[in-house]
1. Taking the stretch B:132-184, which residues are closer than 21 Å to B:Ser106 by Cβ, over 19 Å from the mean Cα position of the chain (by Cα) and surrounded by 14 or more Cβ atoms within 10 Å (Cβ to Cβ)?
2. Restricting to the stretch B:71-100, count the residues that are among the aliphatic types (A, V, I, L, M) and more than 14 Å from chain A (Cβ to nearest Cβ).
3. Can you find, within the stretch B:165-192, the residue that is farthest from B:Phe227 (Cα to Cα) among those that are among the hydrophobic types (A, V, I, L, M, F, W, C) and in contact with a Leu (Cβ under 7 Å, 6 or more places away or on another chain)?
4. Name the pairs: first residue in the stretch A:52-67 and of a type in the set (Lys, Arg), second residue assigned to a helix (DSSP H, G or I), Cβ to Cβ under 6 Å, at least 6 apart or on different chains?
5. Has the stretch B:103-115 got at least one residue that is surrounded by 21 or more Cβ atoms within 10 Å (Cβ to Cβ) and acidic (Asp, Glu)?
6. What tally of residues in the stretch B:185-203 results from selecting those that are more than 25 Å from A:Arg149 (Cβ to Cβ) and either surrounded by fewer than 19 Cβ atoms within 10 Å (Cβ to Cβ) or acidic (Asp, Glu) (or both)?
7. Identify, from the list A:Ala69, A:Ala84, the residue that is surrounded by fewer than 17 Cβ atoms within 10 Å (Cβ to Cβ) and closer than 27 Å to A:Ile8 by Cβ.
8. Of all the strands (runs of 3 or more DSSP E) wholly in the stretch B:148-233, which have at least 3 residues that are closer than 16 Å to B:Ser133 by Cβ?
Amino acid sequence: MGSTSTKIKLRTSDQKVFEVEKAVAVQSQTIKYIYENGCPDSVIHVHSVSGDILSKILDYCKKHVNSAAGKEDISPEELYEWDANFVKVDQNTLFDLILAANCLKIESLLDLTCQTVANMIKGKRPEEIRTTFNIKNDYTIEAEEAVRRENKWAFDMLGGVGTMVIEELADDTMSKCVTNTKSRVCVIAANQIVMMRSISKLANKKSIDVYKQPQNPTTPRIKESVKQRNVGTGFIELFFHFKCKM
Amino acid sequence: MSAAQRRRVNVHPSDEPESDYSGILNEGILLLLFESIKWDLQVLCLTASVNRKLRAIAKRLLWRKLCVFRAPCMVAALANGAPNGRIGGGWDALAKLMFFCSGCESTRHFIVSRAIPGHFTQASRFSKTSGRSFLAKKCRGDLLFVSDPCEHPMGDKEDDLGIFRGVFRGFMRSKTRACLLRRQVPFDERVRCPYCGTRVWSMTAARLVPKSAARRLGSGDRRLEYFVCVNGHLHGACWLVPLSSDEEVCDVGEEDVDGDDDDVNEDHAGYDEVDGDACSHQTVTNGSTSSLGEDVLGGGPIDLLLNL
């Protein structure tokens, strides 16, 4: 064997049958193992995966196999984009994909789906996370404050620096950060430290306009204005508006 | 989750009634999620803050798994070969102890000119050998891990401050605790454990600070203090003599061959066998693979704080 047109049959929990190319199906380590150790002509049962989910998963596997084999002319960036769109599904589907990717042992898909969920949590406040996942807040105000204090330690950074990262500095960029520090804020854009400001200096001004001298000639000159407001105990929200001049 | 509980259409979150069935409340999914992101601390802290159920799952299961992942060797030693069991003070307190320098305030026997706030630490090294130096002679049978001191410069006119923490194995059955109870040492009035909030004993007041502790830290003559809480967590501070001193901090025969201390992308703490004694020390490192991970830029002391 070794023919690329070998097909494998898969039957799902809801009795749907899929016939797929072997190269695609064996992206799943589970299917690969069963195929190589069982009878290759019979149908492989995927008990815990439904037809809809398997269909999506097979799309993923096909795309990645074709891309790796050079059958499709697709750059790594385009594949990355495709993956990002692939996980734009409702949450129930996303969680089903996680369970199925684990069951079928497709590591790259498991990482992709888990990372997607992690990104819904990291960098967010608890109330935003509750909204995202439709979870009822069952804390009283006092209890919530106690839990917040209990869990803030992983965010208390040395030197009390709050940092905001901007991926790309376009001509006109607006960005917001919430910092729980009272001392300094540091802004990083395109991997360079663009500015560091003492929050106490910002405190007395509603907005400031400052030109920063570029550290090297290729760095754009940046004019920024900053507004700040209190958003609860110990938190300040800073709203930056950058204008670039190349 | 049964098919009846799932819906297949794209639904905007605000259109749905609040639900107890979100997949994020499912233990199986949480385990897969955290394994995939290598037990990112900030994500776990946020998850544990969302609602009571998630906090309970975190306390029972997720914090334990995080500790085992980040410090397999030390956890195995502390849990007495029963890592599925409980640990004094809880696994969340141990995780905080591994990754949080508690800062320092003036206390009865140790005065600082200004208070240092606690802060997250990216990587720390805990050592049993080091811990031995903190045990009074009669308590040397106890097993205690202590971290290297976290160094805090205090200005030109003062020595650097060294802040350290540690944890006992099986504190309830330890000689140290028996000694404290026998001597009827009272709890310190003001200080509380920064990791689990319980009462603490001042080891200076209890006269249980051996000379070896100051030598071990590279501190001057007895300029240190540390506290032990009822769950066996230790925290303390010392003045660090400038390094032109003759005294070396490490013991002969203990080699730190773990070259991963400074690699913030290391996602698994390694351990070494030294002198035939498995796991005399353990480096715990927080390496996150999440897309918004902790990167140190430009070699400077800048850490990322993400919107909290």
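1. The answer is B:Met154, B:Asp159, B:Asp160.
2. Applying the first criterion (among the aliphatic types (A, V, I, L, M)) to the stretch B:71-100 yields B:71, B:74-79, B:82, B:87, B:93-95, B:97-98.
Now restrict to residues that are more than 14 Å from chain A (Cβ to nearest Cβ): B:71, B:74-79, B:82, B:87.
So the count comes out to 9.
3. It comes out as B:Cys179.
4. That search, which allows pairs on different chains as well, returns A:Lys62/A:Val24.
5. No, the stretch B:103-115 contains no residue that is surrounded by 21 or more Cβ atoms within 10 Å (Cβ to Cβ) and acidic (Asp, Glu).
6. 2
7. Details: A:Ala84 fails: closer than 27 Å to A:Ile8 by Cβ.
One residue alone meets the criteria, A:Ala69.
8. Output list reads B:160-168, B:219-229.
The values are calculated or read from the model by the stated rules, or taken from the named source; none is laboratory data. Being a predicted model, the structure only gives us computed values, none of them experimental. Using ideal geometry, Cβ is built from the backbone for each residue, glycine included, and neighbour counts are taken over all protein chains shown.
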